[in-house]
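The values are calculated or read from the model by the stated rules, or taken from the named source; none is laboratory data. What you are looking at is a predicted structure, and each value in this text was computed from that prediction instead of being measured. Note that each Cβ is placed from the backbone with ideal geometry, even for glycine, and that neighbours are counted across all protein chains shown.
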Amino acid sequence: MSTSYVLYGLNPSPYSVKMRAILRYRRLPFVWNGIGNARDVAVEAGLPPVIPVLRFPDGRLMNDSTPLAHALEREHRERSIIPDDPAQAFLNDLLEDFGDEWVTKMMFHYRWYYAADRAFAQTWIITSRDPVMAESQRRADMQAFNDRQVGRMALVGCTEQNRPVIEESYRFVLDTLDRHVREIPFLFGSRPSLADFGLFGQLQILSVDPTPMAEMRARAADVYCWLLRLDDASGVEGGWLDPAAPLPETLTALLRHCGETYLPFLAANTKALQEGKEEVVLDILGRAYAQAPFRYQGKCHDALRKKLAALPAAVRRRLDPVLEETGCLAYLA
Ligand SMILES: N[C@@H](CCC(=O)N[C@@H](CS)C(=O)NCC(=O)O)C(=O)O
C-alpha cells in the first residue's frame with residue numbers, strides 16, 4: 001500500500017501548482033501525477049469536476065485547494081502555512097481568496113484573450129493530457145479546448161469591457177509584490193503562508209503564458225524569481241512577522257487593493273445573487289465592471305464574513321483598524 005500522497009493535476013493548472021508547492025514546502029511525501037486527465041479522477045470519485053485532486057495516504061480523495069490546505073493543517077502540525085497570530089491568519093485567508101478568485105481573472109484573461117497566449121495554452125494543456133498524439137487528434141483537441149475556454153470568458157468576467165480593470169490590477173499586484181519580496185521573503189514573514197501559495201498558483205501560470213510573462217519579467221523581475229523560489233520551498237525555514245509590529249506598507253497596499261477591487265466585487269456579487277439579478281454591475285478602479293453573478297464566489301464571501309465574525313473581541317480590536325484603514329471592513333462586516 002502506498003504511504004504517500006498522490007496529487008492528480010496538470011502543470012498548466014494554477015490550483016494544481018499551488019497544491020504541489022504546498023506539499024513541497026510542507027515536506028509531505030507525494031507523487032505528482034501530472035499527465036493525463038485528472039478531472040476524470042474527480043468525476044469517478046463523485047467529486048466536483050475540478051482539478052487538482054489529492055489522494056491521501058489512507059485512500060481518501062478530495063479536491064478544492066482551500067479546504068485541502070486546511071485538511072492538511074489538521075493532519076500535520078509541522079511547517080504550517082497558517083500564521084499563528086489569529087489577526088494575521090484572517091488576513092492570510094483574505095489574501096488567499098484574493099489570489100484564488102480575483103487574480104484568477106487575470107490568469108484566465110491573459111491566457112484566452114491574446115492570440116499568442118491562446119496558441120501556447122492550447123499546446124501546453126493538450127500535451128499535458130497526452131504528450132504524443134496523432135496530429136489530427138491533437139489539432140481537434142486543441143481547438144475544442146480553446147473554444148470551450150474562450151466561450152467561458154464572459155462567465156468569469158473576462159470581457160473587453162472589464163479588460164482595463166483586470167490588466168491594471170495585474171500591474172498593481174506585480175508592482176506591489178515586487179517591492180514586498182525585496183524587503184520580506186513572503187507575505188507574512190520569512191516563511192510562506194497559504195496566501196503566498198494562493199497568489200503563487202495564478203502568478204506561476206502568468207509567468208509562463210507569453211504576454212503576462214513578458215510583462216512580469218520586464219516590470220517585476222523579483223516576483224518572477226520569487227515564484228521560482230516558492231515552487232519548491234522545502235528548504236525554507238523561517239518565522240512569521242511580529243504580530244505586535246505594524247504591518248509592512250506593501251502588505252497594507254495589497255489589502256487596500258483588495259478593498260478596491262475584489263471585495264466590492266464580492267459584495268456586489270452577493271447582492272446580485274440574493275436579489276436574483278442577472279448581472280453584477282459596479283465601479284472598480286474608476287471604471288464600470290460587469291459580469292454574471294458567480295455562486296462559488298458567493299460562498300467565498302460568506303466564508304470570509306463568518307470567519308471574521310467568529311474572531312474573539314481581543315483579536316478584532318487589533319484587526320478591525322487594519323481592515324478599516326485598507327477599506328476592507330465595510331465589505332466583511
Ligand atoms: N476553487 C478550486 C478550483 C479548482 C479549479 O477551478 N480548477 C480548474 C482548473 S485550474 C478546473 O478544474 N476547472 C474546471 C474545468 O476546467 O473543467 C480550487 O481552489 O482548487
Can you pull out every residue in the range 302-321 that is within 16 Å of residue 255 (Cβ to Cβ) and either within 16 Å of the ligand (Cβ to nearest atom) or among the acidic types (Asp, Glu) (or both)? 304, 320
Show me the strands (runs of 3 or more DSSP E) entirely contained within the range 1-118 in which 3 or more residues are farther than 30 Å from residue 267 by Cα, within 16 Å of the ligand (Cβ to nearest atom) and modelled with pLDDT under 95. none
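Yes/no matrix, rows are residues, columns are (1) surrounded by fewer than 19 Cβ atoms within 10 Å (Cβ to Cβ); (2) under 23 Å from residue 129 (Cα atoms):
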| site | (1), (2) |
| --- | --- |
| 37 | yes, yes |
| 46 | yes, yes |
| 51 | no, yes |
| 93 | no, no |
| 102 | no, no |
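Condition first: among the β-branched types (Val, Ile, Thr) and touching a Ser or Thr at 6+ places or on another chain (Cβ under 8 Å). Now tell me which residues in the range 42-76 satisfy that.
Step one: list which residues in the range 42-76 are among the β-branched types (Val, Ile, Thr), which gives 43, 50-51, 53, 66.
Scanning the range 42-76 gives a single hit, 51.
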Evaluation of residue 151 against (1) more than 16 Å from the ligand (Cβ to nearest atom); (2) exposed (fewer than 13 other Cβ atoms within 10 Å of the Cβ) (one fails), failing number: (1)
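Could you check how many residues of the range 33-57 are farther than 22 Å from residue 195 by Cα and free of Cβ contacts under 8 Å to residues at least 60 places away in the same chain? Can you show your working first?
From the range 33-57, those farther than 22 Å from residue 195 by Cα are 33-49, 55-57; that's our starting set.
Checking the rest, the ones that are also free of Cβ contacts under 8 Å to residues at least 60 places away in the same chain come to 33, 38-49, 55-57.
Number satisfying all stated conditions: 16.
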When residue 218 is run through (1) without any contact (Cβ under 8 Å) to a residue 40 or more places away in the chain; (2) under 17 Å from residue 24 (Cα atoms); (3) not charged (D, E, K, R), the failure sits at (2)
